[in-house]
Each structure stands twice: as C-alpha cells, then as structure tokens.
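First the structure, in the form of structure tokens, and then the observations on it.
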Amino acid sequence: MAPIDHEEATPHAPLHVAIVMDGNGRWAKRRGLPRQLGHPKGVDAIRRVVEAAPDHGVGWLTLYAFSTENWRRPAGEVAEVMRLLKLYVNSDLEKLARSGVRIRILGRRTGLPPDVAEIVERAERRTAGNDKFFLQVAFNYGGRADLVDAARALAADVASGRLAPEDISDELLQAKLSTDGLPDPDLVIRTSGEQRLSNFLLWESAYSEFVFQDVLWPDYNAEYLRAAIDEYNKRERRYGGAVADDVLAAG
Ligand code: IPE
Ligand code: IPE
Ligand code: MG
C-alpha cells in the first residue's frame, strides 16, 4: 500500500478528536502494582497528547477522564483521580494558558467536591479568552446524565411557557448539553482494546468515526495519535447520504 501523504490526507483539519482514555488500572496491574498507580502515568500520557495534537491537525481535543459511573470505584481510587485533576491543573494551567489553550470541563458540576469544582472553574476562567486550541476534559461526565439534564432544562422552559414542545429541535437540545458550542467529534478513539462507548458523548458521536487501539492509556503517545488519524483519513463519511463516487456517477 502506498504511504499516506499527510498534507493530502488532512484536508478538513482542524479535527475534533475525543478519547476514551482507558487502561490505567491494567497498566499498573501488569506491573504488579496497585491499580491506582496507573493514573499518574495516565496524566503523563495526557501531557504527551495535548502537546502533540496541534501538530496533527487537531483543533479540539476532548478527554474522558472520569465518568458518572466511575463513582462506583473504591473510594481510594476516586480520591486519587480527584487529586490528580487538581495536581494537573495546578502544575500545567499557566503553561497551557500562555500557549493559547482554552480549557473547558464537561459534565455535572453538582456532585464534585468543592475544591475540585473550584479548580475546574479556575481553569476555565483563566483560559476563557484563548482560542488557539480547545481542550475539553469530561469529568463527572455521562452522556445519559447530560441528556437528562438537557431534557430537564427543556421541560422547565416548556413549563414556564418560554418554549412550545413542537419547537424543540436538534439545535435547541444540543444547546442544553454541556458540549454546547463544540463541534461534534470527528474521531472517537478508545484505548485498551475495549470496544465500547461507556456513556461518552452519546448525542455528539452520532456520525463520528471510531478507532479502537490496542494500547493501554499510560503507554499512549504521538505515534498512536498519528496512527488513529491516519486510519480516520482512510474512512469515508457519509452522514446518511450516498457514496461520493455514486453521486457523481448518477449525475
Ligand atoms: C481509565 O483507566 C481511567 C479512568 C476511568 C479514571 P481505567 O482505570 O478504567 O483502567 P482499566 O480499564 O481498569 O484498565
Ligand atoms: C470509561 O472507562 C471512562 C473513562 C475512561 C473515564 P471505564 O473503564 O470506566 O469503562 P468500562 O467500565 O470499561 O465500560
Ligand atoms: Mg477502564
């Protein structure tokens, strides 16, 4: 097979890439370590990917860091993930802010410990004026919870008489999601070999391309990202329409 010409292959950059960062626990277990020791290594992988993404034509990067279902994990592991989010923001916020990154946290704010909610708000406030690169961290995020919250908000608008049920559209529902204003993800990547969405971006990934990579998240790097984007570039997106060649042939 001929090598891919990257200039040629990325005509529609910047892309929105969303990643289910999976496999931290297994990475640690394979080394005979307690599961939660995989999470700091996962943060190192986040740094590598955030750094590499703009060079790969990515303009929006959304990382699934903690799901609404991850509260079911042992309290010690949950506390470790909360600690690492705070550590990451404390250590990297200034550098990210100065390089033009805009940070946004997706998901439910209610239910976050106050110190975590505070740091999340600080990261968003500090980078609110940036527009070089958009980094979303899905934290206490669940696609169903986000849709439920949107349904509640729409119902409240209907109950108060501000909105008629027949006026509810794709756009109005989208506007109530925590992803309001983001382009839909072009590419959803999941690491660790699992092939499921686990409640990530249920509405937004309706026409996303999926790439599943057999690598544990702490081992992820720029080469894996390149490989996923190369795979994406071979796909033909149709959005329910016909294959481009067939449309041309049909005149
Ligand atoms: C993903 O890695 C990180 C979080 C969900 C916080 P896991 O912790 O799910 O790793 P595995 O799937 O158990 O290996
Ligand atoms: C999805 O991974 C959530 C994150 C990566 C934050 P999980 O490890 O929680 O998903 P399941 O349990 O394997 O479906
Ligand atoms: Mg997992």
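Quick look at the numbers
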| quantity | calculated |
| --- | --- |
| Hey, V188 under 24 Å from E124 (Cβ atoms) and among the β-branched types (V, I, T) or not | yes |
| Among residues of segment 208-227, those that are under 15 Å from the mean Cα position of the chain (by Cα) and either under 22 Å from L182 (Cα atoms) or more than 14 Å from ligand 2 (Cβ to nearest atom) (or both), counted | 5 |
| E209 vs. criteria crowded, with 16+ Cβ neighbours inside 10 Å, acidic (D, E) and over 22 Å from Q36 (Cα atoms) | yes |
| Checklist (1) touching a residue at least 24 places away in the same chain (Cβ under 8 Å); (2) within 21 Å of D92 (Cα to Cα); (3) of a type outside the set (V, I, T) applied to E121, failing item | (1) |
| All positions within segment 219-239 that are outside any helix (DSSP H, G or I) and in contact (Cβ under 8 Å) with a residue 12 or more places away in the chain | Y220, N221, R235, R237, Y239 |
| Helices (runs of 4 or more DSSP H) completely within segment 1-71 that count 1 or more residues being surrounded by fewer than 18 Cβ atoms within 10 Å (Cβ to Cβ) and modelled with pLDDT of 95 or more | 24-30, 38-52 |
| Test: residue in segment 199-209 that is within 16 Å of ligand 1 (Cβ to nearest atom), in contact (Cβ under 8 Å) with a residue 60 or more places away in the chain and in contact with a Lys or Arg (Cβ under 9 Å, 6 or more places away or on another chain) | yes |
| Among residues of segment 21-53, those that are more than 8 Å from ligand 1 (Cβ to nearest atom), of a type in the set (A, V, I, L, M) and within 25 Å of D184 (Cα to Cα), counted | 7 |
| Any pair with Cβ under 6 angstrom, 6 or more apart, that starts in segment 70-87 at a residue that is under 11 Å from H39 (Cα atoms) and ends at one that is within 11 Å of ligand 1 (Cβ to nearest atom) and not in a helix (DSSP H, G or I) | V81/F66 |
| Residue match in segment 92-112 (condition: hydroxyl-bearing (S, T, Y) and in contact (Cβ under 8 Å) with a residue 60 or more places away in the chain) | no |
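The values are calculated or read from the model by the stated rules, or taken from the named source; none is laboratory data. Quantities reported herein were computed from a predicted structural model and do not represent experimental measurements. Backbone-built Cβ (ideal geometry, glycine too); neighbour counts: all protein chains shown.
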